[in-house]
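Q: My structure is below; once you've seen it, I'll send some questions.
We did not get these values from a lab; they are worked out from the coordinates using the rules stated. Quick caveat, the model's predicted, so the values are computed rather than measured. All Cβ positions, glycine included, derive from the backbone under ideal geometry; neighbour counts span all protein chains shown.
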């Protein structure tokens with residue numbers, strides 16, 4: 001997994017402070033995704049899980065993580081049909097762990 | 001143009017704020033993470049808001065459902081990362097454009113131009129209908145009476161919560177309306193929105209100093225973003 005932050009750089013227009021603050025927002029928002037997802041999962045709230053995954057999709061698009069976005073899109077579709085595959089659940093956990101690890105170390 | 005942003009993702013709200021700061025024609029007044037939070041602000045400040053950036057996927061209900069709750073929704077630029085939702089947007093006449101996340105600045109700028117044209121068109125349609133009626137006056141409802149105010153008599157109009165103050169040299173009328181409604185009723189050749197809370201009669205300006213205009217004894221603010229447009233409208237030597 002290789003994070004591409006060129007979009008955030010472009011949006012910041014060369015303003016390093018703005019770039020850093022966007023990065024912090026990204027870190028903060030990503031750090032709670034798994035917790036939120038698990039909360040909805042324990043309540044069997046497919047709508048909630050769908051919304052969490054949908055929000056994650058736009059973050060992956062921002063960091064140009066195309067393969068990961070394809071997986072998330074499929075998972076979003078499945079959740080829309082009230083289906084949560086065991087593999088998807090585990091792959092989401094691995095993806096978020098890796099993503100949080102990478103973004104913390106920027 | 002003044003707008004608000006409604007999106008549950010802080011990242012998107014910040015990106016729109018940042019792009020708006022880079023664009024001369026748009027100011028973000030406030031941003032909200034849910035339609036419920038935005039509803040109260042929108043009700044109280046509708047006069048100041050020209051349009052909304054609205055996400056489709058929101059926590060309590062969708063952007064479309066939110067629009068259905070508003071009796072007179074301001075024009076909207078929808079934001080989403082679902083291209084397939086764009087089709088539904090065409091069902092709403094107040095949805096002017098549809099931005100896909102992640103938002104590119106060039107596309108954002110195009111949306112702003114579209115919105116500007118949309119608002120100008122609405123204003124000029126109103127102006128055309130005014131000229132067809134050969135109207136040079138406005139009837140306003142004050143204490144259940146319809147009172148005629150000539151355009152020439154109006155010095156400036158100021159937003160006042162859910163009301164507007166129409167100021168003439170003689171009197172001030174408190175009218176239940178929005179700035180955008182009033183702006184649409186006035187000829188753009190004669191009036192100018194100098195600030196989100198002020199519309200001024202160009203012929204009543206005595207002088208302009210820095211970011212203020214003197215009208216009668218009143219000092220009216222001119223927002224930085226509007227100053228160049230105002231200067232273009234004035235017949236200067």
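Q: Given the DSSP H assignment, sum -39500 (n - 2.57) over each helix run of at least 4 residues in chain A and divide by its residue total; what's the result at 222 nm in deg cm²/dmol, nearest 500?
A: -25500 deg cm²/dmol
Q: Normalising by the residue count of segment B:35-160, find the relative contact order in percent from Cα pairs under 8 Å and 6+ residues apart.
A: Working: 111 pairs, mean separation 19.4, N = 126.
That works out to 15 percent.
Q: Let me ask something else about it. Give me the angle, in degrees from 0 to 90, between the Cα long axis of helix A:66-80 and the longest principal axis of the Cα atoms of chain A, rounded to the nearest 10.
A: Orientation of helix A:66-80: about 40 degrees from the principal axis.
Q: Which value, in Å to one decimal place, does the Kirkwood hydrodynamic radius take for segment B:1-140 when every pair of different Cα atoms is included?
A: In segment B:1-140 this quantity evaluates to 15.8 Å.
Q: Under a point spin-label approximation (7 Å from Cα along Cα-to-Cβ), what is the residue B:44-residue A:70 distance to one decimal in nm?
A: Those two pseudo-labels are separated by 5.0 nm.
Q: Sorted by mean Cβ packing within 10 Å, highest first, what order do the peptides B:2-10, A:47-55, A:35-43 take?
A: On the way: B:2-10: 22.2, A:47-55: 20.6, A:35-43: 14.4.
By packing density, highest mean first, the sequence is B:2-10, A:47-55, A:35-43.
Q: Express in whole angstrom the spacing between the alpha-carbon centres of segment B:145-205 and segment B:8-83.
A: 26
Q: Ranked highest first by average number of other Cβ atoms within 10 Å, how do B:144-150, B:107-113 line up?
A: The densest-packed peptide leads the list: B:107-113, B:144-150.
Q: D for segment A:1-68, whole µm²/s, Stokes-Einstein with Kirkwood Rh over alpha-carbon pairs at 25 °C and 0.890 mPa s: what number? Display every interim value, and only then the final one.
A: On the way: Rh = 13.2 Å.
Reported coefficient: 186 µm²/s.
Q: Continuing with the same structure: For A:16-27, what's the mean count of beta carbons from other chains sitting within 10 Å of each residue's beta carbon? Don't skip to the end; give the middle numbers.
A: Details: counts 0, 0, 5, 1, 0, 2, 5, 0, 0, 7, 3, 0.
Across the residues of A:16-27, the mean count of other-chain Cβ atoms within 10 Å is 2.
Q: Let me ask something else about it. What share of Cα pairs, in percent, lie more than 15 angstrom apart in segment B:188-231?
A: Everything past 15 Å amounts to 29 percent.
Q: Which whole-number value in Å³ per residue fits the convex hull of the alpha carbons of segment B:161-223?
A: Spelled out: Cα convex hull of segment B:161-223, divided by residues, is 88 Å³.
Q: For peptide A:55-62, compute the average count of partner chain beta-carbon atoms within 10 Å of each residue's beta-carbon.
A: Partner-chain Cβ atoms within 10 Å, mean over residues of A:55-62: 6.
Q: Can you give the FRET efficiency for residue A:90 and residue A:28, using 1/(1 + (r/R0)^6), R0 = 30 Å, r = Cβ-Cβ distance, to the nearest 0.05? Intermediate results must be reported in sequence, preceding the final value.
A: On the way: r = 24 Å, r/R0 = 0.82.
Step by step, r from the Cβ atoms, then E = 0.75.
Q: Hey, what does the equivalent ellipsoid look like for segment A:15-106, semi-axes from the Cα gyration tensor as sqrt of 5 times each eigenvalue, largest first, whole Å?
A: Those come to 24, 13, 12 Å.
Q: A further question on this structure: Taking a ≥ b ≥ c as the square roots of the Cα gyration tensor eigenvalues, with a/c under 1.5 meaning rounded and otherwise prolate when a/b beats b/c, else oblate, which class fits segment B:1-44?
A: Note, shape of segment B:1-44 comes out oblate.
Q: Let me ask you something else. Take the alpha carbon atoms of chain B, find their radius of gyration, then divide it by 2.2 N^0.38 Å using N residues; give the quotient.
A: 1.06
Q: Taking chain A as the reference, fit the longest principal axis to its C-alpha atoms, fit the long axis of helix A:16-31 to the helix C-alpha atoms, and give the angle between the two in degrees, 0 to 90, nearest 10.
A: That works out to roughly 10 degrees.
Q: Per residue Cα convex hull volume for the protein assembly as shown, in cubic angstrom?
A: Spelled out: Cα convex hull of the protein assembly as shown, divided by residues, is 155 Å³.
Q: Taking chain B as the reference, fit the longest principal axis to its C-alpha atoms, fit the long axis of helix B:35-45 to the helix C-alpha atoms, and give the angle between the two in degrees, 0 to 90, nearest 10.
A: 10
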